[in-house]
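All remarks here apply to the structure that follows.
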Amino acid sequence: MKAAVFYKKEDLRIENIEMPKVNADGVLIKVKACGICGTDMHIFDGDEGAAPTPAGTVLGHEFAGEVIEVGENVKGIKKGDRVCVDPNKLCNNCDCCREGIGHFCSDMIGIGTTVHGGFAEYCMVPQSQVYKFDETIDYTEAAMTEPVACCLHGIDMCDIEPGANVVVIGGGMIGLLMLQLAKIKGAAKLALIEPIESKRQLALKLGADIAIDPINENAKEVLAKNGITRVTTVIECVGKPSTMTEAIALAGNKSTVMMFGLAKPNDEISIKPFEIFKKEITLKASFINPYTQKRALSLINNKKVDVSSMVYKLIPVDELPKVLADKKERALGKYIVTF
């Protein structure tokens with residue numbers, strides 16, 4: 001079968017590899033759609049994501065497809081079912097798993113990061129990681145369950161109250177999902193900061209009240225002109241030191257800053273402790289998505305979040321190395337690999 005295999009920094013090869021064999025608890029999926037995630041970009045660039053990726057691993061952890069075969073112990077899943085995948089397999093035995101913080105599992109298996117994932121024609125996963133969906137959504141929408149699940153964990157930690165003023169920095173897929181979830185949480189006013197005009201316009205369609213161009217506009221001044229004198233929550237979805245610093249500067253008194261964007265491992269930012277103290281800012285970060293896959297799929301199934309409008313392009317797997325190698329091209333929007 002055809003697959004995208006990662007070997008080292010900037011070395012992703014399209015190869016023919018053996019079909020996976022189905023074990024007793026496994027589900028063999030014919031992959032229909034797999035999203036390119038920021039984590040895939042970090043791995044390709046030679047940076048570590050949530051965990052180191054071994055050479056020879058098939059990437060891709062945002063995927064959905066059709067069940068082709070199931071193992072003898074599998075129950076409730078059958079051939080022909082339409083399914084998406086939670087890529088984070090917990091051991092359920094370590095201290096973190098037993099303490100209810102399984103996303104810090106010391107023996108976690110990452111489908112598409114530590115073992116073979118969805119940038120392949122077929123992928124075998126444990127039954128525990130499979131979630132069925134019906135005909136009301138397509139495979140591309142279902143593949144977006146994983147990023148929505150990640151955003152749900154982050155938005156839960158933001159503690160957004162009805163009536164809050166929320167600023168999202170970054171209008172990529174994640175930023176636009178966070179925008180919609182903040183609206184569901186009850187934000188009264190929503191602002192997006194994004195340099196690309198098309199993404200700002202999409203944000204306005206998805207619920208933003210204000211879309212700010214950081215290159216040609218002063219964010220604080222624009223917010224003030226629109227009646228936002230105190231920002232209660234800032235959600236940073238870019239992962240750059242400059243935007244993280246900006247998030248702290250924009251945060252108001254008694255506010256929360258969620259540093260959701262994935263920074264490079266050695267990135268650093270300068271923080272003035274007196275500023276954090278004076279405004280009583282709570283700094284938070286979000287690591288992986290624990291226990292949120294089912295909620296995410298329910299939101300997509302019931303059309304509570306739009307996961308299609310921000311999809312930029314569907315591509316065959318053969319084009320994946322070229323897209324990942326071109327930072328300008330991959331920044332244009334959400335790419336989905338299809339088979």
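The values are calculated or read from the model by the stated rules, or taken from the named source; none is laboratory data. On a predicted model such as this, the values are computed, not experimentally measured, just so you know. Counting neighbours? That spans all protein chains shown, and the Cβs are built from the backbone with ideal geometry, glycine included.
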Discussion item. Looking only at the range 289-339, filter to residues that are out of contact with any Gly (no Cβ under 8 Å at 6 or more places or on another chain) and in a strand (DSSP E or B); which one of those is farthest from Leu206 (Cα to Cα)?
Written reply: Pro316
Item to complete: Filter the range 46-84 for residues that are in contact (Cβ under 8 Å) with a residue 60 or more places away in the chain, assigned to a loop (DSSP other than H, G, I, E, B) and not polar (S, T, N, Q) and give the result.
Response: Asp47, Glu48, Gly49, Ala50, Ala51, Pro52, Pro54, Leu59, Gly60, His61
Worksheet item: Would you pick out the residues in the range 3-13 that are touching a residue at least 40 places away in the same chain (Cβ under 8 Å) and either out of contact with any strand residue (DSSP E or B) (no Cβ under 6 Å at 6 or more places or on another chain) or surrounded by fewer than 14 Cβ atoms within 10 Å (Cβ to Cβ) (or both)?
Response: Tyr7, Lys8, Glu10, Arg13
Fill in: Sole residue being surrounded by 16 or more Cβ atoms within 10 Å (Cβ to Cβ), farther than 20 Å from Ala4 by Cβ and either of a type in the set (Ser, Thr, Tyr) or in contact with a strand residue (DSSP E or B) (Cβ under 7 Å, 6 or more places away or on another chain) (or both), chosen from Val317, Val305, Val257
Val257
Fill in: Wholly within the range 85-203, strands (runs of 3 or more DSSP E) carrying at least 2 residues that are under 18 Å from the mean Cα position of the chain (by Cα), free of Cβ contacts under 8 Å to residues at least 24 places away in the same chain and surrounded by fewer than 19 Cβ atoms within 10 Å (Cβ to Cβ)
none
Worksheet item: Within the range 31-42, is there a residue that is part of a loop (DSSP other than H, G, I, E, B), surrounded by fewer than 23 Cβ atoms within 10 Å (Cβ to Cβ) and not acidic (Asp, Glu)?
Response: no
Worksheet item: Just for the range 253-288: of the residues that are touching a Gly at 6+ places or on another chain (Cβ under 6 Å) and small (Gly, Ala, Ser), which one is farthest from Thr233 (Cα to Cα)?
Response: Ala263
Practice prompt. Within the range 295-306, track down each residue that is at negative phi and at pLDDT below 95.
Written response: Asn301, Asn302
Worksheet item: Is it the case that Lys185 is assigned by TED's automatic domain parsing to the domain that holds Asn73 and not hydroxyl-bearing (Ser, Thr, Tyr)?
Response: no
Worksheet item: Does the range 210-225 hold any residues that are over 17 Å from Ala251 (Cβ atoms) and more than 23 Å from the chain's Cα centre (by Cα), and which are they?
Response: Asp213, Ile215, Asn216, Glu217, Lys225
Item to complete: Sort out which residues of the range 212-232 are in contact with a Gly (Cβ under 8 Å, 6 or more places away or on another chain) and at pLDDT 95 or above, and write them in order of number.
Response: Arg230, Val231, Thr232
